[in-house]
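Rule-based calculations on the coordinates, nothing more; no lab input. Remember, predicted model here, so these are calculated numbers, not experimental data. All Cβ positions, glycine included, derive from the backbone under ideal geometry; neighbour counts span all protein chains shown.
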Amino acid sequence: MPALLAENGVRAEDSLGGTSTQIFESRAYALQFLFYLGEITAAMMEKMMAFGSLSLEARGSEMVRELGISLAFLSALTGVERTKLSMGFRQLKEFEYADAAVLSSTLRQLLELRDALTPLTIDLTNPAKTRLAIDAFEGLDVEQIREKVNKILER
């Protein structure tokens, strides 16, 4: 190849973008960069796969979708930062124990309330009103909530 290039008046350095040493070094850096990207991707996949199917990180986003609420709403209701919610529900970062406990409890209560109040609905657009509803039925199971609502509706 160098002979063919020389016949046409082209130097090898010009056609390949530098000397063979420079080309080798740039390819070595490119390979190092690709290896580094592979390491990052493998580490992220390993971290994502570390969450069990029953963990809040795995179940929480489905619960949020099922309730039809936003992360902003859940953040306002629980006090957990939106960025933490986003990272946790995308399974990129594990929730801290205290945050996981609050989130799990709140989401469970919202689902129970929604089921107990059917065919009525709770206002899931205003965190303050939703907190009042959760507090009003605190410690009651689905049947007790239904009884309480039926008594109110019978008046």
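Here are the numbers for this structure:
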quantity: Only Lys, Arg (+1) and Asp, Glu (-1) charged, at Cβ; the range 56-154 dipole about Cα centre in debye; calculated: 300 debye
quantity: The range 56-154: relative contact order as a whole-number percent, Cα under 8 Å and 6+ apart; calculated: 28 percent
quantity: Segment GLU112-LYS93, extension gain: residue separation times 0.36 nm, minus the distance between their alpha carbons; calculated: 4.1 nm
quantity: Relative packing of peptides 143-154, 86-97 - highest average C-beta neighbours within 10 Å first; calculated: 86-97, 143-154
quantity: Rg(Cα) / (2.2 N^0.38 Å) computed for the range 56-154, rounded to two decimals; calculated: 1.11
quantity: Radius 13 Å from Cβ of ASP99, net charge of other residues (Lys, Arg +1; Asp, Glu -1); calculated: -1
